[in-house]
1. Name every residue in the range 69-107 that is polar (S, T, N, Q), free of Cβ contacts under 8 Å to residues at least 40 places away in the same chain and either in a loop (DSSP other than H, G, I, E, B) or over 15 Å from residue 38 (Cβ atoms) (or both), in order of residue number.
2. Identify all residues within the range 32-68 that are free of Cβ contacts under 8 Å to residues at least 24 places away in the same chain and either touching a Cys at 6+ places or on another chain (Cβ under 8 Å) or part of a strand (DSSP E or B) (or both); write none if there are none.
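Here, each number is a calculation from the coordinates, and none is a lab measurement. The structure displayed is predicted, hence computed values, not measured ones. With ideal geometry, Cβ positions are generated from the backbone for all residues, glycine too; neighbour counts draw on all protein chains shown.
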Amino acid sequence: MLMHKKRGSRVKVFGICLAFLLTPFVATKAYAGGYAQHQISIKGFEFVPKELQVSRGDTVVWVNHDIVPHSIVISSTEQAISPELESGETFIYVVGSSMAYECGLHPSMTGKLTIP
């Protein structure tokens, strides 16, 4: 009879441990609200993809694969939203609205985030 009690205790302890381990994943999903993450590569003096359809609250990650620095500037206001990104650096942005953007150092490099 004592063996069954120990086995039941082990199952309870395992269940409690499992619940604690899974809690961060459940909380993260609820906190994230189902928003998507998108990646834009900077390479060959281009943003790839050049145009991206996103939703408000989504996260966009720019990754600089070029050997020269780049930055992200909102075209309509000329407001810099990123620092200069050296090769290998990333910049993370939470989308609030549609916007056209360009590289602050190389204005011929352009891109667009569109919320349908």
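1. 71, 75, 76, 77, 79, 82, 87, 98
2. 38, 43, 48, listed by residue number.
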